[in-house]
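Here the structure comes first, spelled out in structure tokens, and everything after it is commentary.
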Amino acid sequence: GVLGGPESDDASSLGINSEYSVLQASAPTAYDSDLGSNANIVADLSASAYVDNGTLGNLTNPVGGMGSERNNLLVYHVSAGDTLSKIAANFGVSVDTLIWANKSITTGKALKVGQEVVILPVNGILYEVKSGDTVEAIASLFKIDAQRITSANKLNSVGDLAAGSQIIVPDAKPAKALAVLADESSAAPLQVLNGYYIFPAPKSSWNWGILHAHNAVDIANACGTDIYAAQEGVVVNTGDPDNWNGGYGGVVEVEHPNGTHTLYGHTEKNVVTVGTYVTQGDVIAHIGRTGNVHGPTGCHLHFEVHGARNPFVK
């Protein structure tokens, strides 16, 4: 059964191709399609960061210099201590959205003070308009409502497109990343990030260490035991422990500054919410046995890594 424990799951992993050529897109989902509906766990990450009057004053605990507006986009200037995760959290967008919109950003490398970062108002991508493109055609390509493109770009009409200009396509993703998710067999080997993640539970926990579905291992301990953030980042999805959530039960997913994600499943209680910025080692949830739990593991943490090798596979 999916997520039921190491004794019955096939080894597999997720790899994300880092080449971002924009060809197609889909609405963001947190988990693989074989887990069923994610209605209870996929958060609406389309929180607005439009540069309207009053927007900048409404941001909670903003980081660094606010920058300026350019082509209806906010250009933010990096300050000392900024990370991708902090900037993403403050502006209500994902780390991936920042990376896709800024060719100057390289995952795994520190931001430079003064570096300009373009902030999209919603999760998605910047698309370069080609000759003959229409809003309807682009919307059809990316399988979204044309009105969403019109609204996101503050277009007066669906005809306001100029070849060579860039427009925001909400919830879009680069085609090559989508292709990898659709066909994991085509994915490049996962990167090895030695020392990047800490063990997400107390040292007294038992790590089964057996690689199973979704690049995961199971880590057993008593129900109620603390679960730690394996690395700093922004909480991008949570699932109520009282719900099935595709087999995860209680779940927390964190997006990290280098673009990787970690996911913590079968939780008894979550102590963070979507949008929370966490530092490495923060308590984010408690171990439980919610969702699809069976076999000898009992109370345990289902720990996934997306975009890199799981360092706790034995």
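Counting the residues of segment 123-150 that are under 23 Å from Val75 (Cβ atoms), open to solvent by less than 10 Å² (accessible area, probe 1.4 Å) and in a helix (DSSP H, G or I) gives 1.
If the condition is being in a loop (DSSP other than H, G, I, E, B) and of a type in the set (A, V, I, L, M, F, W, C), then segment 285-314 contributes Val293, Cys299, Phe312, Val313. Within segment 258-284, restricting attention to residues that are closer than 13 Å to Ala201 by Cα and over 18 Å from the mean Cα position of the chain (by Cα), the residue that is surrounded by the most Cβ atoms within 10 Å (Cβ to Cβ) is Thr267. When segment 205-220 is limited to residues that are of a type in the set (A, V, I, L, M, F, W, C), modelled with pLDDT of 90 or more and buried (at least 22 other Cβ atoms within 10 Å of the Cβ), the one that is nearest to Glu253 (Cα to Cα) turns out to be Ala216. With respect to the stated conditions, Gly239 is of a type in the set (Gly, Ala, Ser) and open to solvent by less than 10 Å² (accessible area, probe 1.4 Å).
The values are calculated or read from the model by the stated rules, or taken from the named source; none is laboratory data. None of these values were measured; they are calculated from a predicted model. Glycine also receives a Cβ, built like all others from the backbone with ideal geometry; neighbour counts cover every protein chain displayed. To get the accessible areas, we keep the full protein, side chains included, count just its heavy atoms, and leave off ligands, DNA and RNA. Shrake-Rupley method; radii C 1.70, N 1.55, O 1.52, S 1.80 Å.
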